[in-house]
Amino acid sequence: MRKESIRLRRPRPGDMGRVVQLHGELYSREFGYDVTFEALVAEIAAGFVRDFKPKFERCWIAEMGGEVVGSVFLVRNSPKVSKLRLLIIHPRARGLGLGKRLTRACIRFARAAGYKKMVLWTQSHLAAARGIYQAEGFRKVSSEKHRSFGKRLVAEVWALKL
């Protein structure tokens, strides 16, 4: 598939459930995460819908052949700081530049909304996502060992000055 065959759109009813399911399935299969990760994603998605601020927040759903194959969220962290959340790409849509497209959509929107900085939380083993963030100018600002989702992990906070 060419990247032109993937369209980015705003969420519709049912999309949040699919985003949660996609995270739960992929992170379990690919990284051995337990169901507590899916619960965290569900909480983030529910909070986004419940507290949505249209001038300052956005969600992009990536659709290919009528199916949801990815997502990313940009939420308000403070009046000057936005937060990138829930970037995910289904395996059949990987390698097409979709992660970069979704991340750049967040950056463009954040700049237009007047944010001065964007932050994100990720894990050290997520090499593909970390590569995208680094290529787009994010820099790792902290890391911390923790036990979550049934795993021993190293959480990282990354930031981008806008």
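The values are calculated or read from the model by the stated rules, or taken from the named source; none is laboratory data. Nothing here was measured: the structure is a model prediction, and the numbers come from that model. Every residue, glycine among them, receives a Cβ derived from its backbone with ideal geometry; neighbour counts consider all protein chains shown. Each accessible area value is taken on the protein alone, full model and side chains, heavy atoms only, with ligands, DNA and RNA left out. Shrake-Rupley method; radii C 1.70, N 1.55, O 1.52, S 1.80 Å.
Only one residue in S5, S28 is modelled with pLDDT under 95, more than 14 Å from the chain's Cα centre (by Cα) and of a type in the set (S, T, Y), so which one is that?
The unique qualifying residue is S5.
Name the residue that is most open to solvent (accessible area, probe 1.4 Å), counting only residues in the range 29-42 that are assigned to a helix (DSSP H, G or I) and more than 16 Å from I89 (Cβ to Cβ).
So the residue we want is V35.
Do the conditions hold for H125, that is, is it closer than 19 Å to V41 by Cα and part of a loop (DSSP other than H, G, I, E, B)?
Yes, satisfied.
Which of the residues spanning the range 85-135 are open to solvent by 30 Å² or more (accessible area, probe 1.4 Å), under 23 Å from L153 (Cβ atoms), of a type outside the set (S, T, N, Q) and in contact (Cβ under 8 Å) with a residue 24 or more places away in the chain?
Hits for the range 85-135 are R85, H90, P91, R94, W121, H125, A128, R130, I132, A135.
If you check S5, S78, S82, S71, which single one turns out to be without any contact (Cβ under 8 Å) to a residue 24 or more places away in the chain, at negative phi and of a type in the set (S, T, N, Q)?
S78 is the lone residue from the list that is without any contact (Cβ under 8 Å) to a residue 24 or more places away in the chain, at negative phi and of a type in the set (S, T, N, Q).
If I ask for residues that are open to solvent by 80 Å² or more (accessible area, probe 1.4 Å) and assigned to a strand (DSSP E or B), which ones from the range 49-80 would you list?
Hit for the range 49-80 is E67, nothing else.
Go through the residues of the range 3-17 one by one and say whether even a single one is hydroxyl-bearing (S, T, Y), over 24 Å from A127 (Cα atoms) and either open to solvent by 60 Å² or more (accessible area, probe 1.4 Å) or touching a strand residue (DSSP E or B) at 6+ places or on another chain (Cβ under 8 Å) (or both).
Yes, the range 3-17 contains at least one residue that is hydroxyl-bearing (S, T, Y), over 24 Å from A127 (Cα atoms) and either open to solvent by 60 Å² or more (accessible area, probe 1.4 Å) or touching a strand residue (DSSP E or B) at 6+ places or on another chain (Cβ under 8 Å) (or both).
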